[in-house]
1. Are there GluC sites (Glu not before Pro) in the stretch 66-147 that DSSP puts in a loop and that have at most 12 other Cβ atoms within 10 Å, and which ones?
2. Tell me, which longest segment in the chain has none of the chymotrypsin sites (Phe, Trp or Tyr not before Pro) that fall in DSSP loops with at most 16 further Cβ atoms within 10 Å?
3. Give me the one-decimal nm value for the distance between modelled label points at Asp271 and Glu326, 7 Å along each residue's Cα-to-Cβ direction.
4. Please work out how much accessible surface Cys85 shows to a 1.4 Å probe, ignoring ligands, DNA and RNA, in Å² rounded to 10.
5. Take the Cβ-Cβ distance between Ser13 and Ser225 as r, set R0 to 51 Å, and report the resulting FRET efficiency rounded to the nearest 0.05.
6. Report which label in (1) 21; (2) 35; (3) 30 holds the value of percent of Cα pairs over 37 Å apart derived from the coordinates of this structure.
7. Can you give me the relative contact order of the chain as a percent, contacts being Cα pairs under 8 Å and 6 or more apart?
8. Expected output is a single nm value to one decimal: the length gained when fully extending between Glu117 and Ser280, i.e. 0.36 nm times separation in residues minus the C-alpha distance. What is it?
Amino acid sequence: MSLNKTLEAYSKSNMYPFHMPGHKRQLEGVSKIDMTEVEGVDDLHDASGVIAEEQGRMAKLFGADESRILVGGSTVGNLSSVYACCNEGDSIIIQRNSHKSVYNAVMLRHLKCSYVEPDITDDGIFNAVTLEQIKTAVEKNKDCPKAVVITSPTYEGFHAPIKEIAKYCHDKGIILIVDQAHGAHLGFHPEFKGSSVEDADITIQSLHKTLPALTQTAAMHVSGSQVDLNRVSEALDIFETSSPSYVLMNSISQCLDILENSGDLFRDYVDNLHDFYSISGELKHLQLICGETDKKDPGKLIISTKNTNITGVELAKILREKYELETELSSFSYVLAMTSIMDTKEGFERLKNALKEIDATLTDGYIEVPDLNIKYKKVMETYQAKAGREDIISLSKALGKISAAMVCLYPPGAPVIVPGEEISEEAIKVIVEAKVKGLHVTGMDIEREAIAVVN
C-alpha cells in the first residue's frame, strides 16, 4: 500500500494521537494526514516499511539503483551529495553558475574548489557545459578532483551531454553529481530527453519544479557503485530535518501515482507545446528561443526581448499587470515561462494571445546585456573567507577587496561574486546595472549598496 493510502487510512482510524504534532489532527485540511514517526507510517531517516517501498517505487520509475525522498528541496540533495562524496581538503570542480546550495556544500565541507565555465549567449543565458569544457577543467586542476558537479538542464532548459561526461569522469575515477533540479520530468516522454539518472553517480531533482508535487519535494537518485550509500544516509541525517513532513511525503506518493499513469498527460502536454511554438513565425519583435529536444527542454519557454524596445523585466510586468500571467524569471533581455504536464490548453492560449498582442505594440530596438562572463581572481577558498570577521562597506569602495559575500542574480541564484574572490570592476558594474534594470540581487544590502568583505 502506498504512503498516500496508508496516511489516508490512518486519518480515518480510531487511533488517538498522544504524540506530535500539536494540532492533534483536529484542524481542517492537510492536518488529517500530518503525522510523526509512529508505528505503521515508517521513518524517513530509517526507512524499512512504507517509505522504503515508496523509495523503491521511485527508483524503478526514474531508472535509478537507489532513490531517496527529500523534503528539503534540491538544496538538501546538493548539500548531502557533496558532503557524502568528499572529505575535507578534497578537490572538487563545480559549474561556475551552480546554485548557491552547491557553493554552500563546498564551503561547509572545506573543499578546494575550481570551476568549469559554460558559454553565455547574447541574452545573458548560460549554455549547458560541454565535454570539452569538463576535460579542460579537469586537466587544469593540479589535484585529481574527487567529484564534478554540473547543472543539467540549466534553469532555461539546456542539456549537457551527460553520457559522454559521465564516461569521461568514470574513466578518471571521478564521481559525477548532476544538479537536475529542473529535470524531474525528463525521460517520461520521447520529447523530454536529457535525464542523467542512469548515467550520473548522483542526480538531484526537484519534483515540485516540473511535476505535480508540493514545494520542497525532491529526490536524490544514486546509480552505479562509486557512491557509499551509508555516507549518503549520514549526510541526509545532518542536512535534512529530523521531523520530515508527512504532508510533503504524501505529495511525493501522489506524484508517483500520477507518473505511473502519465502517458496521456505527457501527450497532451507535448501537443500544447507544439501548438504554442507555432506562433514563432507570427512574432515580429519578440523571439522564442528554441532548440533540438536533445539539447533543450521544450517545456522551458524563453521569450527574448533582445531586439525590441523593452527589457525582459518590462515584458514580465506587462504580462503580470495587464494579462494576469506570472512568469518564472525575468532578466535583462528575456522572460522564462515554466510549464508542466499540469498546464491547461487555456493557459497556453492566454500566453500565446498575450504575446501576439504585446508584440504588435513593440518596435525594433536593442537591449544591452552586461557581460556576465565575469573574470574573477580567487584569493582564498570560500570556507576561509567565511571563517573570520567581516566588514560591511559601500560597494563603491569595495574594488579590490576580498568578498565575504556570495552575490547572486536570483533567480536562478548563480553567483556574480563568490566569497574569497577579489571584487572586480566588472562584477560591480553587473550588480549596479542589475539594480537599475530591476533584477533581484541577493547576498548584499542592495538598497544601501553595501557588501561584506573579509576583515
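1. Numbers: sites: Glu66, Glu88, Glu132, Glu139; in loops: Glu88.
Of the GluC sites (Glu not before Pro), the ones in loops of the stretch 66-147 whose Cβ has at most 12 other Cβ atoms within 10 Å are Glu88.
2. Details: sites that count: Phe18, Tyr366.
Longest stretch, sites excluded: 19-365.
3. Those two pseudo-labels are separated by 2.9 nm.
4. 10 Å²
5. Working: r = 42 Å, r/R0 = 0.83.
Once rounded, the FRET efficiency stands at 0.75.
6. Comparing each candidate, only (3) matches the computed number.
7. Details: 923 pairs, mean separation 64.9, N = 455.
Taking the mean separation of contacting Cα pairs over the length of the chain, I get 14 percent.
8. Working: separation 163, 0.36 × 163 = 58.68 nm, distance 3.08 nm.
Extra length from Glu117 to Ser280 when fully extended: 55.6 nm.
The values are calculated or read from the model by the stated rules, or taken from the named source; none is laboratory data. Here the structure is a predicted model, which is why all the values come from computation and not from measurement. Reconstructed Cβ throughout: ideal geometry from the backbone, glycine too, with neighbour counts over all protein chains shown. SASA here: full protein model, heavy atoms, side chains in, ligands and nucleic acids out. Shrake-Rupley method; radii C 1.70, N 1.55, O 1.52, S 1.80 Å.
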